[in-house]
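Asker: Just passing along the structure, written as structure tokens.
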Amino acid sequence: MRQVEVSTPSLLDDKLWPAYTGMLFFFVWFPYVWPFAYLVGVILGLMLVRKWLTKQIVEATGLSFHQKEQLLFVNDRVSLKMEVTGIERLEELGIPTSVRLVTGHGLTFDEDQRVHVIQIRNEATYSLPIHAKQRGPVKIEECSLQFRLPFWLGTIFVTDHTLPSWIILPSIMRQNRFDSRLVRMGDRLVKHSPLKDPLMIQSTKRYEQEPVKQIDWVATAKTGKLQAKVYQRQNLDTFTLVLDLSGPLGNGLHARYEELIQQAAYLVSYLVKEDCKVELFINRLDADNHIDHLRMSDGRKQLRLALVRLAWIHESNRFVATKRFTQIIDRQMHPHAEMIRIDASLLKQMSVG
């Protein structure tokens with residue numbers, strides 16, 4: 001969808017077309033003032049030329065974007081390909097052209113600039129550096145082609161409303177000194193992962209790029225080839241992550257909610273990489289007034305869905321107080337899963353750590 005606007009001197013405004021036409025017929029029939037008819041005719045001719053140029057430019061030129069990724073992580077840098085068509089026609093008409101791009105909050109170009117202006121030369125393809133700065137859905141908010149017409153006829157602005165967008169996911173990197181080993185193991189009595197319990201080792205298999213800590217060195221020494229441990233799956237490998245973004249008093253949005261979201265992203269990523277099943281509860285309401293709940297599953301798809309859910313959290317969402325949220329979790333959580341709470345109390349533990 002394209003929108004065309006023309007910025008022109010006030011004397012050449014399209015609204016004056018009926019007035020100029022009337023003046024032309026008036027001056028041409030009266031003596032002593034008929035030379036003014038030539039002046040009015042020149043103005044009308046300039047207006048016709050501008051209308052013809054506008055039609056030629058809009059029909060001949062186009063702008064398109066080609067993006068490889070729609071999901072980015074915070075601090076990711078990607079290149080957005082922009083292609084301008086109709087360069088040859090613009091060169092024939094001798095019309096200077098530029099593109100003005102404005103990004104949304106959380107997305108910048110080089111040097112952390114949200115506004116980027118490109119002067120169109122002979123090239124038809126341009127590479128735009130994009131920097132993801134902040135979690136959430138973002139897009140190019142404004143993109144306009146500017147054509148400066150000759151003879152002071154004005155400037156044509158063609159605005160394109162079909163623009164690229166991204167979802168910036170929270171970082172899954174551990175960004176604090178707090179040892180979250182006990183937290184990510186949930187509330188179980190035995191504080192270790194069933195995937196690392198020596199008693200749960202079933203057998204060994206040929207090493208296939210597993211983590212180094214899973215190499216069975218005894219079996220490797222016996223066989224002369226690298227062997228990896230095969231662990232027995234347990235019900236303890238299911239986790240319920242409860243993300244409560246309420247403040248210390250149990251209501252309102254916590255001032256450090258971004259840290260809680262980042263910690264949740266890290267824990268989901270860790271558990272999924274350990275082949276655990278994960279479900280996620282967030283104390284916000286969806287469009288149907290239900291608690292935001294990602295049902296139990298595992299694998300890369302589950303990690304992607306969880307990160308997208310976390311990316312869409314916004315301070316304008318409707319949040320549920322801690323007391324009510326806890327009651328809902330007790331009824332809906334997986335019966336055999338271990339609960340991991342990510343709330344204000346976790347931030348206190350991180351401060352102590």
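The values are calculated or read from the model by the stated rules, or taken from the named source; none is laboratory data. The model shown is predicted, which means the values in this text are computed figures rather than measured ones. Glycine gets a Cβ as well: all are built from the backbone with ideal geometry, and neighbour counts include every protein chain shown.
Asker: If you scan region 60-84, which residues turn out to be among the polar types (S, T, N, Q), under 30 Å from Leu310 (Cβ atoms) and either at pLDDT below 90 or assigned to a loop (DSSP other than H, G, I, E, B) (or both)?
Answerer: Within region 60-84, Gln67, Gln70, Asn75 meet the criteria.
Asker: I've got another one for you. Being modelled with pLDDT of 85 or more and not assigned by TED's automatic domain parsing to the domain that holds Ala306 is the filter here, so list the residues in region 226-248 that pass it.
Answerer: Matches in region 226-248: Leu226, Gln227, Ala228.
Asker: Out of the strands (runs of 3 or more DSSP E) lying entirely within region 85-167, which hold 3 or more residues that are closer than 19 Å to Lys68 by Cα?
Answerer: Output list reads 125-132, 136-148.
Asker: Step by step: first the residues of region 1-32, then only those that are among the β-branched types (Val, Ile, Thr) and in contact (Cβ under 8 Å) with a residue 60 or more places away in the chain, then the one that is surrounded by the fewest Cβ atoms within 10 Å (Cβ to Cβ). Which residue is that?
Answerer: Restricting to residues being among the β-branched types (Val, Ile, Thr) and in contact (Cβ under 8 Å) with a residue 60 or more places away in the chain, the top hit is Val4.
Asker: Out of Pro129, Pro150, Pro164, Pro137, report the one residue that is within 19 Å of the chain's Cα centre (by Cα), in contact (Cβ under 8 Å) with a residue 40 or more places away in the chain, in the same structural domain as Leu93 (by TED's automatic domain parsing) and within 25 Å of Val4 (Cα to Cα).
Answerer: Criteria check complete, one pass: Pro164.
Asker: Under 23 Å from the mean Cα position of the chain (by Cα), over 30 Å from Tyr207 (Cβ atoms), outside any helix (DSSP H, G or I) and not assigned by TED's automatic domain parsing to the domain that holds His105: is that true of Arg284 in this structure?
Answerer: It is true that Arg284 is under 23 Å from the mean Cα position of the chain (by Cα), over 30 Å from Tyr207 (Cβ atoms), outside any helix (DSSP H, G or I) and not assigned by TED's automatic domain parsing to the domain that holds His105.
Asker: Which of the following residues is without any contact (Cβ under 8 Å) to a residue 12 or more places away in the chain and under 16 Å from Phe73 (Cα atoms): Leu249, Leu305?
Answerer: Result: Leu305 is the single residue among Leu249, Leu305 that is without any contact (Cβ under 8 Å) to a residue 12 or more places away in the chain and under 16 Å from Phe73 (Cα atoms).
Asker: Further, regarding this structure: Just checking, how many residues over region 47-74 are touching a helix residue (DSSP H, G or I) at 6+ places or on another chain (Cβ under 6 Å) and over 16 Å from Thr97 (Cβ atoms)?
Answerer: The qualifying residues number 1.
Asker: If you take the residues of region 107-161 that are small (Gly, Ala, Ser) and at pLDDT below 90, which of them is surrounded by the most Cβ atoms within 10 Å (Cβ to Cβ)?
Answerer: Residue satisfying both the conditions and the ranking: Gly154.
Asker: Looking at region 323-334, can you tell me whether even one residue there is polar (S, T, N, Q) and closer than 18 Å to Gly247 by Cα?
Answerer: Yes: region 323-334 contains one or more residues that are polar (S, T, N, Q) and closer than 18 Å to Gly247 by Cα.
Asker: Hey, can you tell me all the residues within region 196-224 that are part of a strand (DSSP E or B) and at pLDDT 75 or above?
Answerer: Result: Ser203, Thr204, Lys205, Arg206, Ile215.
Asker: Which of the residues spanning region 1-54 are closer than 30 Å to Leu163 by Cβ and β-branched (Val, Ile, Thr)?
Answerer: Val4, Val6, Thr8, Thr54
One line per residue, one yes/no per condition, for (1) at pLDDT 95 or above; (2) assigned to a strand (DSSP E or B):
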residue	(1), (2)
Gly250	no, no
Ala264	no, no
Leu280	yes, yes
Arg295	no, yes
Asn317	no, no
Ile329	no, no
Met350	no, no
